[in-house]
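First up is the structure itself, then whatever we jot down about it.
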Amino acid sequence: MNQKKRTALTLIGIFIGITAVVALMSLGLGLKYEMDRQFSLMGTDKVFVAPGTSVGFSPTTVKLTQDDITAIRSIGEVDWASPMIYKISQVEFGGEINYGFVIGIDDTDAPYEVLMESFGVEYEGGRGVEGDREMNIPFRYYTADFFDKAVNVGDKIKIEGKKFRAVGSVSEIGNPSDDSQVYISMSAAQDIFGVGEDEIDYVYLKVEEGVEPSRVAEKIKKELRKTRDVEEGEEDFVVQTTEEVTETFGTVLLIVTIVLAGIASISLLVGGVNIANTMYTAVMERTNEIGIMKAIGARNRDIFLIFLIESGILGAIGGLIGITAGIGMGKLVTIGAAAGGWSLIKSVFPYWLIGGAFLFSFVVGALAGTLPARQAAKMKPVDALRYE
């Protein structure tokens, strides 16, 4: 009975560690795969230009100007360029007030529908932004996460107290922040935000077909240094291609995933220590048995392998239980995230993750049992048979 209890407690350490590693790795990989999918929808022919030191919706006092836009559009290999401005604003509908990003888009170079599709979302209904007082919002996804009542095409909405009308819909991206964004025309945004033409937060552009985006990005940097009168290495703006942004996100996610998995692996170390302790106890309890095996011809190597394989099997059993629990936990997190509007968070279980986790648990068990196995193998038959 005591041996069974020790074995159960030993398995718990491996089980917890493998569960955490599998669950965390699956979620990290799922998020990376989903982000890669989103960027692949955008295509590899896009370039992002933003003031400051990073691409993204992050506050900065530095702005791009109309001179910068003119310089970008003057580059022959740029197909179209769309300036944008954005702010967290008050949005009111049906008596409810919420706050989210309101984004003003300039569709001078390309139709609104084309711009939205290039963001990695599909244009699903209604029509695009036309005129200074109309807007497009992903109303299908406001129902649960933003407003209690669904917003439909034709409904009136207030932004910063000014009336707008919903005129279209775009597909879900997968997180509440992006799926609650409001898109309006550039002139309307400048009006409600009270900003001028030289206060641009972001530029999104497409290079001509067959042109290398990285080459265009370098040309943009060169032109913007001239218009903004800055030297190389002192830029107050950043230019990145879709591929570079994807790599940046991927690297950050990979580092976070590895760190979390590393922390979770500490419990595997504890499990290994428990296995070693269990195997040492097993060697002591089975000393007479070892003596009998050696007396009838078992070699040191045979005894060593018996205990080594036994400890490896302990680790493997704990690993199998942990893998099953990790898969279940990953799927539960995915279901919970989807219910909260975070469909971007998904768990994936590639064969190498499952196989690697199982092999790792076996190796941890086997390594933990190495010293006890050596101790058992070195016993002299006469001493083992006399042991009580």
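Just so it is clear, none of the values below were taken in a lab; they were calculated from the coordinates. Quick caveat: nothing in here was measured; it's all calculated off a predicted structure. Positions of Cβ are generated from backbone atoms using ideal geometry, with glycine treated the same way; all protein chains shown enter the neighbour counts.
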Glu235-Val252 pseudo-label distance in nm [points 7 Å out on the Cα-to-Cβ vector]
1.8
With labels modelled as points extended 7 Å from the Cα through the Cβ direction, what inter-label distance (nm, one decimal) is found for Arg301 paired with Tyr351?
3.3
For Thr10, Thr242, Thr44, which order do you get if you count the other beta carbons within 10 Å of each Cβ and list the fewest first?
Thr44, Thr242, Thr10
Which residues' amide hydrogens lie under 5 Å from the amide hydrogen of Asp79, considering only partners 5 or more residues apart or on another chain, with H built in the peptide plane?
Lys206, Val207, Glu208
Want the number for Arg37 to Val270: 0.36 nm per residue separation, take away the alpha-carbon distance, what's left?
80.1 nm
What aspartates and glutamates could a cross-link reach from Lys378, if we take a straight Cα to Cα line under 13 Å and drop same-chain neighbours fewer than 8 places away?
Asp302
Would you give the gap between the C-alpha center of region 170-212 and the C-alpha center of region 323-367, rounded to a whole Å?
36
